[in-house]
Structure formats: C-alpha cells, structure tokens
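Note sheet for the following structure.
The values are calculated or read from the model by the stated rules, or taken from the named source; none is laboratory data. What you see is a predicted model; the values in this text were computed from it and never measured. As a convention, Cβ positions derive from the backbone with ideal geometry for all residues, glycine included, and neighbour counts pool all protein chains shown. SASA here: full protein model, heavy atoms, side chains in, ligands and nucleic acids out. Shrake-Rupley method; radii C 1.70, N 1.55, O 1.52, S 1.80 Å.
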Amino acid sequence: MVEKGQSEAALRYAGDDSTLRHAVVQRLIEAGDAVTAAEYAGRIGLDVSSDGDASLLGAGALKTRFPCFSAENIEAARRARRDAHLQLPDAVARAVTFVDDAAGLAAAYEALKNEQVIGLDTEWAADLAVDAEDQALGFGTRARRAGKKRGRRRRARRRACDADGEDHAVGSDAVGSDASVDEADTTEEGTSVKDTETNNKESAPAASSVVALLQVASATRVFLLDFPALLSRCPDVIAPTLGALLSDEKTLKAGFGVAEDLRRLASLHKEAFGASKDGGPNAGVGPVVDLQHVWAAGTRAARADAVAGGRQGGRWSPRDSDDAESLTERLRGPWSSPEHYRRKHAVGLSAVSLAVLGKPLDKSTRMSDWSQRPLTERQVLYAALDAWVLVELLRVLRLDHAEELDRFAKEVTLNGE
C-alpha cells in the first residue's frame, strides 16, 4: 500500500498492531519519504530522538539502520518537498480558521459574504461500514457494486448500438470523458473512488461518514468547516450563513469536480444547499464555475483544432505536427499544450496547478482520516490549499486567458446539476 501512495490507509489498516505500524514507518523510510515517516512515528509514539536496539524496531533502530532518519535529514527532506510543491502564502496559512460551532460559522460568513470569488472543496470520511482491508485500500462494497452496475450498463449500451448497426462512442461528449480528477483519486482500474461511492445512492453512508470537512476560501482567508459537528450542534444556523453564501448571485464559487460535492451537501442539508423544489434556497446554489469542466472543455477544443490542423490527404493525426502554435491558432490557454490535449488519462487538480501556477500540489495527505479530530498540521495545510488554489487558478486564468475562460466556463452548475 505504501508503494501505491496509500500510506495513510496502510497505517489505518495496521490499527493497534505495533509491528505493522512500525513496518509502515520503515517502508516509508525505504521509499525515501522521511517526512511522512517522521510524522507517522510521532503519531504512533515512536521516539525518533533516542538510540535503541535495532532488533526491536524502535526509534534508535530506525536511525541506526536508516541514516536518513535523523533530524537534519528529515528537515532537509521537508524543505525539498516544500520547494517542489505549491504552498499557501504565509499570510493565508496563518489565517486558516477551523470552524465547528455557530459562532465560528457566523464569523466565517461575515468574513466571506462580500467576496467576489470563493473556492469550495470537501474531504470525505472513510466509510466505516466496510471491512478494514477494503477501507484501507479505498474500496468498499458500494464501490464494487457500483462498478459492476456501470459495467453492465456499458455492455447493454454497446449491445443496443450493435443492434442498431451504429458505431457510437459512448460518453464521448460527456465531461467525464475528459474530466479531471486527482491522479491519486483513481483506483488501479482508473475509476474515481468518489464516483464509485456515488453511483449507489440507495445505500448511501451516514451523514457523518460522507462530508468530514468543507473548505471555503477567499484570496486571503480559508475556513475549514467541521461539517458533522455543525450538523450536530447548530443545523439551524447553516442555511442563513453558509447556505446564503453559496446561493449569493454576487459571489462566484470555484470548484474542481464540484457537482458531486454539492450533491452530497444537498443530501445532508436540503434547506441550505438543495434545489428550491426540495426546500432549498430560491436562487439555488450558484453561480459555480467548475475548473474541471473548464479544463476538459479546453482540451477538447484544442484537440479539435489539432485534428483540423493535422489533416493530410483525407487522413489526420494530431501527432503530424508538434507545433502547438500551428495546431491551436485560436487557443492560447494552458489547455492548448499538446502534453495536455494528448493525454489519455484523467488530469487532476495537481497537474492543473503545475500547468497554470508552475508547481504541483502535494497530494500525499489525500487519504488521511478526515474524520479524526484534531486534524494534523499537514491535513490543515492540505485542505486549506485545495480550496485556496481554486481562487488563485481562477485569478490567473482570468488575467491571462479571460476570453477562453469565459468561453469554456459559460455553463455554470446550479444545485449540483
């Protein structure tokens, strides 16, 4: 699991077994991730400062067997990781606020209600209804059932197409065919874990295990909302604050694959986030620009330009020319780069950040236990950055590629639809 980037899941799977927990730390060190290894060692009570018997897999043992596991090397690795990835501006990092009660929610609303743009993201808790191994691996019975259902639907569509004598490209025009999800958010088969959990609504998990954290950011502030705590302590305060903010037509909400986040929020609190016909705000949730949708639309347009520019003797190939200028004469946005419109697999928020802002996001904390309290420092910074970067991406794209951004973002999401 560690080799697959699922170290947090591996630590959860280890449970209280000290041998397994120490093994996770050891594998992280062997993989060169001394920073995460040091954090995990601290969480499981493994003292990294003392010497010890190497046969006991204690802290001293790790330092003896792996010289990289020293304070100096850990700090050097931490600096290297920071330099390699996008970071929250220091002023924003200092202003990150955790909200879990009515007073905090009211203060967040007052701080954000006059903002022109806010970023939205959620972190989902693990589904505790599945067995420990599946949970650690990121799969559950819902995911397996949903995957089988999708497979049956695809086969049925293909049979229908064959019966009609037509050659349909199923899903070729859907956002999902190009839609970007974080690379780490996909299973080995390429299916989004979030998507697989969503497709079986009949057996949706309890509210407390769906949205563990809701992040709302402006250019200068980030609020991390403990959604289960707010639902429990002050459900009546959510609609006139957070619900009012998300339905305010003067505030543009930026997200990445945000439709599913909005659907889940609506299922938890219809009065604040649901459609008006279900008792939600009259104006609905919006306006929302989904940067996942924008990127997918941009790469489709760039691919179409490449196809048109590469036609030769009735045949074409986007690879006939590597000259991006000649292939995408009408497009100049980052989505017009051949490395993006030629991609065969989904692109994630981290890759978009790299293309637009020059650095990727550090996704190593993605599979954390987001239901645990308090959050670790790395979880706080990760969650805050995921919301703040949406505002920054939109700012830069507006500044440099406003016309194309407007073209690809003309469809907004209301009520998660």
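Looking only at region 99-127, which residues are surrounded by fewer than 16 Cβ atoms within 10 Å (Cβ to Cβ) and closer than 26 Å to residue 260 by Cβ?
Selection gives 113, 116.
For region 356-380, give me each residue that is modelled with pLDDT of 95 or more and of a type in the set (A, V, I, L, M, F, W, C).
356, 357, 361, 380
Given (1) surrounded by 19 or more Cβ atoms within 10 Å (Cβ to Cβ); (2) over 24 Å from residue 100 (Cα atoms), identify the lone condition not met by residue 223.
The number of the failed condition is (2).
When you scan region 185-220, how many residues do you find that are open to solvent by less than 50 Å² (accessible area, probe 1.4 Å), among the aliphatic types (A, V, I, L, M) and modelled with pLDDT of 50 or more?
Residues that pass the stated criteria total 7.
Do we have residue 56 as at pLDDT below 70, buried (at least 21 other Cβ atoms within 10 Å of the Cβ) and over 29 Å from residue 124 (Cβ atoms) here?
no
Take region 322-343 and flag every residue that is surrounded by 15 or more Cβ atoms within 10 Å (Cβ to Cβ) and modelled with pLDDT under 65.
Result: 324, 327, 328.
Exactly one condition in (1) modelled with pLDDT under 90; (2) touching a Lys or Arg at 6+ places or on another chain (Cβ under 7 Å); (3) in a helix (DSSP H, G or I) is false for residue 319; which is it?
(2)
Could you go through region 385-396 and let me know if any residue there is open to solvent by less than 80 Å² (accessible area, probe 1.4 Å) and either outside any helix (DSSP H, G or I) or at pLDDT below 95 (or both).
no
Among the listed residues 362, 369, which satisfies the condition of being surrounded by fewer than 19 Cβ atoms within 10 Å (Cβ to Cβ) and in contact with a helix residue (DSSP H, G or I) (Cβ under 7 Å, 6 or more places away or on another chain)?
Of the residues listed, the single one that is surrounded by fewer than 19 Cβ atoms within 10 Å (Cβ to Cβ) and in contact with a helix residue (DSSP H, G or I) (Cβ under 7 Å, 6 or more places away or on another chain) is 369.
Can you tell me which of (1) within 16 Å of residue 294 (Cα to Cα); (2) open to solvent by less than 20 Å² (accessible area, probe 1.4 Å); (3) in a loop (DSSP other than H, G, I, E, B) is the one residue 353 doesn't meet?
Failing condition for residue 353: (3).
In this structure, does residue 275 turn out to be at pLDDT below 90, more than 30 Å from residue 332 (Cβ to Cβ), among the hydrophobic types (A, V, I, L, M, F, W, C) and surrounded by fewer than 21 Cβ atoms within 10 Å (Cβ to Cβ)?
So residue 275 fits the description; yes.
Against the conditions (1) open to solvent by 40 Å² or more (accessible area, probe 1.4 Å); (2) of a type outside the set (A, V, I, L, M); (3) under 15 Å from residue 118 (Cα atoms), where does residue 243 fall short? Just the number, please.
Failed condition: (1).
May I ask you to list the residues in region 246-272 that are open to solvent by less than 30 Å² (accessible area, probe 1.4 Å) and without any contact (Cβ under 8 Å) to a residue 40 or more places away in the chain?
247, 269, 272
Quick test for you: out of 261, 305, pick the one residue that is in contact with a helix residue (DSSP H, G or I) (Cβ under 7 Å, 6 or more places away or on another chain), at pLDDT 80 or above and in a helix (DSSP H, G or I). Before the answer, list the steps.
On the way: 261 fails: in contact with a helix residue (DSSP H, G or I) (Cβ under 7 Å, 6 or more places away or on another chain).
The unique qualifying residue is 305.
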